[in-house]
Amino acid sequence: MVNMQLRWKVALLMLTIALGPLAVTAWMDIRALRTLGGDLAAQSAQALTDNARDSLEQLADDHARLVLRERQLVEALIRQQAREAESLLNGQRLADPDTVHFLDDFTKSPPDLLLSERARYRRLDESGVEVPIPVSFDHAVFQVPMDVEQASVSQDARKLVPLTQLLADIQDRYTDLIYWQYMALENGLNMSFPGHGALPADYDARQRSWYTGQRAATDLQWSTPITDAASRQRTVGVTMPLRDANGEFAGVSGIDVLLVDMLQALSLPEHLDAASQILLINLQRNAQTGEPFAAILAQRDAARYGADWRELFEMVPLQAGTPAGTGRLVDAMVTDSAATLRLPYRGADAFWVFRSFGDAENFLLLIVPVSAAVAPALDAAAYALHTTQRRVDEMLPLTLVVSCLVVGISLLVSRSVTSPVHQLSDAVDAIALGDFQAKVSIATGDELERLGDAFNTMLPRLEEHARMTESMALAREVQTHLLPNARPDLPDLDIDGACEFCDDTGGDYFDYLDLRGIKPGLLGVVIGDVSGHGLPSALLMTSARALVHGLANQLVAPRQMFSRINEQLVKDFALGRFMTLFYLTIDCDARQLRWASAGHAPALCYNTQTYAFRELAGQDIPLGIQSGWEFGNIAEGPWSEHDIIVLHTDGLLETRNADAEEFGRDRLRNLVRAHHTLSATQLCRTVMDEVRTFRGDQPQRDDVTLVVIKGRAR
């Protein structure tokens, strides 16, 4: 390749553009723009398709949460209703007999029952015509089977009349959700609210599947869909057993919800709604083969009314286009609580998005054809192509004009533009070789001149930064060498430690003190934490380390050691600076621990035989806060070969994840308990790895230090 100065390259490029055949130039530009338009259209379509999928998943999440909230609300209401009904039935309060209204009273429709017509309360008459069910929100209806005398249950009916107020309050607050509320007793009495006269004459609640199922249950249950006896609409109910004063089964309290109401609040965007489907699915197993299958609980376009109320509701298995597609969907529901699949729907490719709610067997399923979901994406792609073509049509005359101007301007500006660039390039080469005195002189009166001035201003700062970086690297190396580079060689102990700074340098510190000169088999372990982090804390830590080593070599007792270090740090530390320190000695021969703590977090001691933790704590304040503080006596405790001692700084426990949750002492305890068979080095590495994993992508905000001490059998 021929070397050519930039100025000539600029001039030659401009002249080539100006003097080249305009037709060729225009053709190339048009071709490039059309290619760009096609790529842009494809990329826009893909991006919007992905957005449509993400939007569907978010919509499914929102709808599932809504269904779950409604489910939880109904469960809370049935518990309240059942508690109040049990209280009234087991009490002695009796309402006025005139306030008890049986089915015959509602059939006669007297004015005092205050019957009204509501849109939700309708049924099909014998000819299949939809007619209203007059209902009363002031009175409940009581009904007994034909083989039960009203007089035999009148006392229970009078006890339940006061419950009407609670039922009315619930209906008033949740009128769009709650359909029927009822109490069915073992003696045959059935109470229903709102009151109405639509129950069949041969109706016996004790024969209904939801009643028989509650006889053996201890808590609330959701029924499978059934045909309501009064309205013949499809409902699903939640029921709870009622107990008498002796705890025996006395009946059932229930709330019915219309299946259409469960889906009423769920909607899709207008461009998706017509071609899509929303379903409630229950995951069941074949009674004979045990194979799982997805049964449809409810769907938006299902028939509102059932046939005979005595017949059990038959749930239809869901079909996902093909047997293979159905199998994929069912397998996904068995293993996952949420997923998005691409399966056929009505002969077309569709998104199948499901989310579980309430428990592992119930799912909300959205089925949206891909063509409907990506329709906005296709429109956007077409718009991109149209816009690109319009730009192509506008570009040709503009290219002709610009080419003429470039010819005259290119020769004039090439030198003025490229000369400052050459200066900057030469100066950058000099800096790369370590010459921070290189400067440029550019007097163009424009941005290039300002760039040159900024470059010259930057050089001293760059030089200072390079020196600071080198100094910080040296400081980190020095501080790293101040930490122990070898583990103590004691036959009775397995010990190791680790320290990670959040900056180049830090304020955490740990060390091992060989005290065998005082007494054979005696080891000291020190861990400390200077407030803050970075270089100031590192310098203060270095001072504290020197004091600890100096006093330890003079055989100074821990109490006196803390006092002397405290007095020195009070002088050295600025206001607001302090240091926590934990000093532990292990007497391997006497099997004795002695420790002192100046405001430091308690050490953990775990016994692998008793599986119990104890804390080695102290009551003194941190060092460097108050001059003349009287530090307490050293604490003592037994030590055995089955003990694991863990010393740490607060940076370990206060490590936070993306949810602002702290790592905490409980996680540390669980790690020690789970991995107590590891060596001290392995356990130390495991804990540090878990802390990093817990933190994830979050920045490390404090230094983290850990020391693990394990006993060895003699």
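Positive end of the dipole of the stretch 489-636 (Cβ unit charges, origin at the Cα centre): among T580, G534, G628, the Cα lying farthest that way belongs to G628.
By the scheme Lys and Arg +1, Asp and Glu -1, what is the net charge of all other residues having a beta-carbon under 14 Å from that of A660?
Values: positive: R656, R695, R701; negative: E654, D659, E661, E662, D697.
Charge balance near A660 sits at -2.
Lys/Arg Cβ at +1, Asp/Glu Cβ at -1, dipole of the stretch 146-289 taken about the Cα centre: which of T235, Q288, L268 is farthest positive-ward? Result: Q288. Per-atom-type breakdown for the stretch 82-241 gives carbon and sulfur 46% of the accessible area (1.4 Å probe, protein chains only).
Summing +1 for each Lys or Arg and -1 for each Asp or Glu among the other residues whose beta-carbon sits under 9 angstrom from that of Y606 gives +2. Scalar couplings 3J(HN,Hα) for the stretch 229-236, obtained by applying the Karplus form with A = 6.51, B = -1.76, C = 1.60 to θ = phi - 60°, are 5, 7, 9, 6, 7, 7, 10, 10 Hz; x denotes Gly and Pro. Translational diffusion of the stretch 587-710, estimated by Stokes-Einstein from the Kirkwood radius over alpha carbon pairs at 37 °C in a medium of 0.692 mPa s, is 207 µm² per second. Remark: the stretch 237-245, residue by residue, has Karplus-estimated 3J(HN,Hα) of x, 10, 10, 9, x, 9, 10, 7, 5 Hz, where x stands for each Gly or Pro and the curve is 6.51 cos²θ - 1.76 cosθ + 1.60 at θ = phi - 60°. Using Cα-only point scatterers and the Debye equation, what is log10 of I(q)/I(0) for the stretch 107-219 at each q in 0.10, 0.13, 0.17 Å⁻¹, rounded to two decimals? So the normalised log intensities are -0.32, -0.55, -0.96.
In this rough spin-label picture, where each label sits 7 Å from Cα along the Cβ direction, the R701-R591 distance is 4.4 nm.
So, counting K/R as plus one and D/E as minus one, what does the shell of residues with Cβ under 12 Å around L341 add up to?
-1
Ligands, DNA and RNA are left out, and with a 1.4 angstrom probe the accessible area of the stretch 517-656 is 42 Å² per residue. For Q560 and S640, FRET efficiency with R0 = 41 Å and r from the beta-carbon atoms, rounded to 0.05? Step by step, r from the Cβ atoms, then E = 0.90.
The values are calculated or read from the model by the stated rules, or taken from the named source; none is laboratory data. Given the structure is predicted, the values throughout are model-derived calculations rather than measurements. Note: ideal-geometry Cβ built from the backbone for every residue, glycine included; neighbour counts use all protein chains shown. With ligands, DNA and RNA removed, areas are computed over all heavy atoms of the protein, side chains included. Shrake-Rupley method; radii C 1.70, N 1.55, O 1.52, S 1.80 Å.
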